[in-house]
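Working notes, structure below.
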Amino acid sequence: MARIPRITNQQILEAARQVFLQQGFGASTLEIAQQAGISEASIFKRFSTKEELFFAAMGIPEKPLWVNELESLCGKGNLKENLINICLQIMEFHREALPLIMMLRSRGNALPQLGGKEPGPMRDVKVLTAFLEHEINQGRLRLCDPQTVAHILLGSLMNYVFLEQISSQVSTSTTELPLNSGDRATEVSLFVQSLVDIVWQGIAPSQD
């Protein structure tokens, strides 16, 4: 009969989050284990690497959900609508991840170096480039440089989120009233729609 774990993964993640927020990725897993009241070996029975533990604790997936979504959309549905939906998911991911990253950076805390793995943004460019290249080969996009298009989309989305974060910090230190969540969601949706509309003019399949 399997032994019932005395501590849940969530409790480990809560302890890890506290330590990582204080010390960044440089914190030792031994200290996290002590905070959680377990052995260091117990951590690695639940999480295969320190990087996996960090991203799970900070609520930042190593592989964003939009990447999985993108893989299921190749050659299917309305491509322009697919791009809009994927861009909205990319925006949502970065809006959640960037504040945490900026907070850690502001405290001088280290972030994970993923060894031989590519940095997340470059991986994302490759994934989106491969998707666009597949759509070109299927005749669903006109001939173009898919990597350039991927850079335009991802760069625009990440820059929007960065400026949004900077603007929110400025508004909290002044008398300017920030947008409420409904207005912000509408603004984001309109930006993504406009971005894809502009890009689409250059990549839409030719009408014979």
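The values are calculated or read from the model by the stated rules, or taken from the named source; none is laboratory data. Bear in mind that the values here come from a model prediction, so they are computed numbers and not experimental data. We place every Cβ from the backbone using ideal geometry, glycine too, and count neighbours over all the protein chains shown. Quick note on the areas: whole protein, heavy atoms, side chains included, nothing else; ligands and nucleic acids left out. Shrake-Rupley method; radii C 1.70, N 1.55, O 1.52, S 1.80 Å.
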#### Entry: Subset of LYS45/LYS126; LYS80/LYS126; LYS50/LYS80 violating a 27 Å alpha-carbon distance limit
LYS45/LYS126; LYS50/LYS80
### Query
For region 1-74, treating each Cα as an identical point scatterer without solvent, what Debye log10 I(q)/I(0) comes out at q = 0.17, 0.18 1/Å?
-0.65, -0.70
### Task
Please give the length that would be gained between CYS144 and MET102 if that part of the chain were fully extended, namely 0.36 nm times their separation in residues minus their C-alpha to C-alpha distance (nm, one decimal).
11.6 nm
### Query
Carbon and sulfur together cover what percent of the accessible area of region 1-50 at a 1.4 Å probe radius?
50 percent
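Which FRET efficiency value, to the nearest 0.05, do you get for ILE152 and ALA130 by plugging their Cβ-Cβ distance into 1/(1 + (r/R0)^6) with R0 = 22 Å?
0.85
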